[in-house]
Amino acid sequence: MPFRTSLLPRAPFRPAGRFRLLPRSGAAAGMAALALGLAGCSPVVSIENADVPQWQATALPSAPGAVNQDAGKILNRDRIIREAADVPAGHYVLTATCDGGGKAFFAVSLDGEMLADAGAACNGSRETTKITLPAAGTVEISASSVDSPLIYAYRLASGE
């Protein structure tokens, strides 16, 4: 490619195809239209107003044999902790789900000793984690997120 020696300005940039540059005042209108279009992608019901039992009934229904389960809303970054006493030793499966965007985290401990960390993407899918309790004791499960608000549900049930 030859070196350009002309001091004359180049022709103004014109995008090809159907795209065109918007003038400054049109750019603000374009951004507003884009924001309105993206608003259609957000959930119809806000997390703050969600009916947790109704959501849980389809997202992660209760199951027989669950030793620890919970569902609720995480509206800030505080951990929500639930415990179950006298859980027998054995193999278990933690199933977790959440909605609202981002990710929820679940920590499982036995008598204060951390056993497992699990996470779930808040897109309605179910995530499972296998957990072995080496001895009977009190199982504590905490739910947290930095992506609040969101709605979550989990269940720890026998995996045998």
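The values are calculated or read from the model by the stated rules, or taken from the named source; none is laboratory data. Predicted model, so just to flag it, every value in this text is computed and none were measured. Note that each Cβ is placed from the backbone with ideal geometry, even for glycine, and that neighbours are counted across all protein chains shown.
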Applying the selection to the stretch 63-79, what residues are more than 24 Å from Gly102 (Cα to Cα) and in a loop (DSSP other than H, G, I, E, B)?
Ala63, Pro64, Gly65
Name, by its number, the condition in (1) surrounded by fewer than 19 Cβ atoms within 10 Å (Cβ to Cβ); (2) at negative phi; (3) in contact (Cβ under 8 Å) with a residue 24 or more places away in the chain; (4) of a type outside the set (Gly, Ala, Ser) that does not hold for Cys122.
(1)
Looking at (1) under 20 Å from Ser46 (Cα atoms); (2) at pLDDT below 95, can you tell me which one Ser144 breaks?
(2)
Among Gly137, Gly100, which is the only one that is over 20 Å from Leu60 (Cα atoms) and crowded, with 16+ Cβ neighbours inside 10 Å?
Gly137
Restrict the check to the stretch 36-50 and report whether at least one residue is over 16 Å from Ala143 (Cβ atoms), surrounded by fewer than 11 Cβ atoms within 10 Å (Cβ to Cβ), at pLDDT below 95 and more than 24 Å from the chain's Cα centre (by Cα).
no
